[in-house]
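A.B. asks: Can you read through this structure? Questions will come right after.
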Amino acid sequence: MKPYSLTRRLIWIVLLIELISALCVTAVAVVYEEHMHFRAFDILLRGRADSVLGAVQDSEDEEDNVMLDGSELSAPPEDIYEVKESTGRVIGKSSNWAGSDSIRGEGHNETRAARHRSNDAANEEFYHLSIGDRTYKVVQITGLRVVDPGKKNGGVRRYVTVYYGAPVHRVWEAVFRSAGFYAASSILVLAFTGILMSWLLNRGLAPLRELAASAGKVSATSWSFYPPQRARMTRELAPLVSAMESVLGGLEQSFEQQKRFVGDAAHELKTAVAVVKSSLQLVSMKQRTPAEYEAGLERCLVDCARMEAMVGQMLTLARIEETPTAPSDDVATNIDAAIEDVRQELETMAEVRNIPILIHRAETDGNGNLGGSPLLARIDPERFKLLCANLLMNAIQHSPADAVIRVKLKRLGALAEIEIRDQGDGIDPADLPRIFERFARSDPSRSRNTGGTGLGLAICKAITDRVQGTIEIQSARNVGTIVVVHLPIPSDSIVGGWR
């Protein structure tokens, strides 16, 4: 699809609509002007026909005939007329017309236009008549003239018929002049409207252009986005500005996290490789006993295992972040059974340090209702076990010998709550805000001793976020740490209380 200008398209659309409207108005105006002009023309014809009828006088002969007094006529030279008695005798006509017989003659094109009675009860008929290259409109009226009204019986009655016509080209000229005026006015209005719309649209779309210019300055190396105030104050653009700020802010944060993750991962791997290298160099500096060689190789194997675990956790975190959020209700995990499996897997590690893991199940659902059914959560079983394993391993690694780790399970409405409480050294309050970031450690010096990579809590955070759950950590120095996880319960477990 070819690029196009929104401004030009809007202008052309509006101008096209105005042009169609102008054509419709002009057509209606032409019809109206035609009606009004021909109506006035009909009145003019009737008036002139009446004038001709008024010029019919007594001929003062013995037969009491009537005649047409030409001295009282003032018809235009291009008009035609004829006056007939009821007997068919022509008593007068114009010199430029063959007579009324030509109305029905074979050589002429005649159309009856209208027929009606006037107020004085005289019959009226209109015709369209072609004479040469001109079209005439002819009116036919019938009138009464009384000869010698003073005689006995009121005089002699003479009925006469008057035909009067005039060319219609002048009427059409007037109609076309009116149509031309309307058309010219419409063209001027269209031209003025086009210029005005172009100016208004360019002015109205200025905030959008400014917004596009500001957005165009954003790049992978410069995330500064300062939307113009006019765009922010425009009601139609305000949601777009907010969405762009939100998206760009999220992208900037993601890019920064990615850069930090790559840098931290490179640093961690470089450190691990340096440790392995130094161990090998130390072994090769001089002749060693078999026991010394074996100890050096064991240190190298431990460091290689730590690198392998780090790479494995990095791949796990990447896979978790690629999965979509909010799994369907078809995915459900029995929390009681899953966390018991994790406890058994870590039991040997905990027994080495004499740290028991106690699991307590609250039998209420948060509303005071008792229940003994398994507590379910809308999460993949393997992801849930990984979440609990990371949290319990952290608790074991950071707790002193003979400490106790307590796990409490309960239901809070539509959420399952898992609380893990240890008696370790705690976390510095300054480190809590970034505790879920990748490679974040409260005590970096202990990572080698505990085997931590700084990715465990980041994985836990990613798992809970993917199921629209939450994870929170409360900690105090020399007191211990409390981790609280909330996971959504399948919808069919919510209806009717406990499943």
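A.B. asks: In terms of modelled amide H atoms, which long-range or inter-chain residues lie less than 5 Å from the amide H of ARG361?
C.D. replies: The answer is LEU409.
A.B. asks: I'm checking a number: the convex hull volume of the Cα atoms of region 234-326, normalised per residue, in Å³. What is it?
C.D. replies: On the way: hull volume 7.5 nm³, N = 93.
Convex hull of Cα atoms, per residue: 81 Å³.
A.B. asks: Put a dot 7 Å past each Cα toward the Cβ at ILE13 and ASP431; how far apart are the dots in nm?
C.D. replies: Here the modelled spin labels are 6.0 nm apart.
A.B. asks: Take the alpha carbon atoms of the chain, find their radius of gyration, then divide it by 2.2 N^0.38 Å using N residues; give the quotient. Write out the running numbers ahead of the final one.
C.D. replies: On the way: Rg = 53.0 Å, N = 499, 2.2 N^0.38 = 23.3 Å.
Against the compact-globule rule of thumb, the ratio is 2.27.
A.B. asks: HN-Hα J couplings of region 426-436 from phi, Karplus 6.51/-1.76/1.60, θ = phi - 60°, integer Hz, Gly and Pro as x?
C.D. replies: Coupling constants for region 426-436: x, 10, 4, x, 5, 8, 4, x, 10, 5, 8 Hz.
A.B. asks: Continuing with this model, one more query. First compute the accessible area of the chain with a 1.4 Å probe, then give the percent of it belonging to carbon and sulfur atoms.
C.D. replies: Working: 16470 of 29080 Å².
C and S fraction of accessible area: 57 percent.
A.B. asks: Please sort 146-152, 433-439 by packing, taking for each peptide the average over its residues of neighbouring beta carbons within 10 angstrom, highest first.
C.D. replies: Working: 146-152: 11.6, 433-439: 16.7.
So the peptides 146-152, 433-439, ranked by packing, come out 433-439, 146-152.
A.B. asks: Which order do the peptides 238-247, 125-134 come out in when sorted by mean C-beta neighbours inside 10 angstrom, highest first?
C.D. replies: Working: 238-247: 13.4, 125-134: 15.2.
Ranked by mean Cβ neighbours within 10 Å, highest first: 125-134, 238-247.
A.B. asks: With a probe of 1.4 Å, find how much accessible area the chain has per residue, and write the answer as a whole number in Å². Mind showing how you got there, number by number?
C.D. replies: Details: 29080 Å² over 499 residues.
I get 58 Å² per residue for this part.
A.B. asks: Next up: In Å and whole numbers, how far do the C-alpha atoms of region 1-79 stretch along each principal axis, longest first?
C.D. replies: Taking the Cα atoms of region 1-79, the three principal extents are 96, 18, 16 Å.
The values are calculated or read from the model by the stated rules, or taken from the named source; none is laboratory data. These numbers come from a predicted model, not from an experiment. Note: ideal-geometry Cβ built from the backbone for every residue, glycine included; neighbour counts use all protein chains shown. Heavy atoms of the whole protein, side chains included, go into the accessibility calculation; ligands, DNA and RNA do not. Shrake-Rupley method; radii C 1.70, N 1.55, O 1.52, S 1.80 Å.
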